[in-house]
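Novice: I'd like to ask you about the structure that follows.
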Amino acid sequence: MKLYLKSNLMHFGHDSDLIFPLKRTGDTFRYDSTLNNRPEQPKEFTLPTKNTLTLLDGDETHTFSKRVFKYAKDMSKNHLSVYSKLSDIFYWSNSEILLKYNVVDTLKSTHDLISIEKLQNLINLNKVSAHCSDDYNLDGIIIKEKENKYFQLVFGQGEVTLYENKGRNRYEKLNLDSLPNQVLRVK
């Protein structure tokens, strides 16, 4: 058996993924590093219960939740439509990491760009798309309203800084010091 994990775009980049060969022991699956011929710390996965899968990685525990997304039956005949829909879901689900930042740090912020409530509401309505640039120039989000709004993100310890911009071209670096910013942190 193998478990395929795809990383969260917001932190590791689009093409980060791991394939874990697994051995079952009782109600857990253990990562078998002998099948990959590379030493790794032991990793265990519990049997899925109540639509969750728990990864035990050394002393850390990570819980994954099963989600079901529906799409129109006629889309299943067109692989590009399905891929496009899955990509939209992937980018939207990555924006959910911002839900944990629930306080605006007014002392560190230069502008009041968006309220926590509005950002959370837009994320819940699937109107926020989070991405990692393929040219490695920061993470970003697009808020999809009448006019799209673009933000570059810089994550720090317990906080994220949103830098509002007009969008950028590939390989274009933004001078973040010149952009309006808002700092969100975990309460």
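The values are calculated or read from the model by the stated rules, or taken from the named source; none is laboratory data. Everything quoted here is computed from the prediction, not taken from an experiment. Cβ atoms come from the backbone with ideal geometry, glycine included; neighbour counts cover every protein chain shown. SASA here: full protein model, heavy atoms, side chains in, ligands and nucleic acids out. Shrake-Rupley method; radii C 1.70, N 1.55, O 1.52, S 1.80 Å.
Novice: With respect to His111, is the statement that it is outside any strand (DSSP E or B), open to solvent by 20 Å² or more (accessible area, probe 1.4 Å), closer than 27 Å to Tyr171 by Cβ and not aliphatic (A, V, I, L, M) true?
Specialist: Details: outside any strand (DSSP E or B): yes; open to solvent by 20 Å² or more (accessible area, probe 1.4 Å): yes; closer than 27 Å to Tyr171 by Cβ: yes; not aliphatic (A, V, I, L, M): yes.
It is true that His111 is outside any strand (DSSP E or B), open to solvent by 20 Å² or more (accessible area, probe 1.4 Å), closer than 27 Å to Tyr171 by Cβ and not aliphatic (A, V, I, L, M).
Novice: When you go through Thr61, Thr106, Thr54, Thr34 one by one, which is the residue that is open to solvent by less than 50 Å² (accessible area, probe 1.4 Å) and either modelled with pLDDT under 75 or not assigned by the TED database to the domain that holds Ile141 (or both)? Steps first, please.
Specialist: Details: Thr61 fails: open to solvent by less than 50 Å² (accessible area, probe 1.4 Å); Thr106 fails: open to solvent by less than 50 Å² (accessible area, probe 1.4 Å); Thr34 fails: open to solvent by less than 50 Å² (accessible area, probe 1.4 Å).
Answer to the check: Thr54.
Novice: Test Asn124 against the criterion of being under 17 Å from the mean Cα position of the chain (by Cα) and open to solvent by 80 Å² or more (accessible area, probe 1.4 Å), and give yes or no.
Specialist: Details: under 17 Å from the mean Cα position of the chain (by Cα): yes; open to solvent by 80 Å² or more (accessible area, probe 1.4 Å): yes.
In short, yes.
Novice: Just the residues that are hydroxyl-bearing (Ser, Thr, Tyr) and in contact with a Leu (Cβ under 6 Å, 6 or more places away or on another chain), please, taken from the stretch 87-116.
Specialist: Residue satisfying the conditions is Tyr101 alone.
Novice: Within the stretch 130-159, count every residue that is in a strand (DSSP E or B) and either open to solvent by 20 Å² or more (accessible area, probe 1.4 Å) or among the aromatic types (Phe, Trp, Tyr) (or both).
Specialist: 11
Novice: While we're looking at this one, here's another question. Would you check which residues across the stretch 165-187 are within 21 Å of Gln120 (Cα to Cα) and open to solvent by less than 50 Å² (accessible area, probe 1.4 Å) and list them?
Specialist: Those that are within 21 Å of Gln120 (Cα to Cα) and open to solvent by less than 50 Å² (accessible area, probe 1.4 Å): Asn165, Pro180, Asn181, Gln182, Val183, Leu184.
Novice: Residues to consider are Leu99, Leu86, Leu162; find the one that is within 29 Å of Phe64 (Cβ to Cβ), surrounded by 18 or more Cβ atoms within 10 Å (Cβ to Cβ) and not small (Gly, Ala, Ser). Working first, answer last.
Specialist: On the way: Leu99 fails: surrounded by 18 or more Cβ atoms within 10 Å (Cβ to Cβ); Leu86 fails: surrounded by 18 or more Cβ atoms within 10 Å (Cβ to Cβ).
Result of the check over Leu99, Leu86, Leu162: Leu162.
Novice: Every residue in the stretch 109-145 that is out of contact with any Asp or Glu (no Cβ under 9 Å at 6 or more places or on another chain), of a type outside the set (A, V, I, L, M, F, W, C) and modelled with pLDDT of 95 or more, please.
Specialist: Passing the criteria: Ser109, Thr110, Asp112, Ser115, Glu117, Lys118, Gln120, Asn121.
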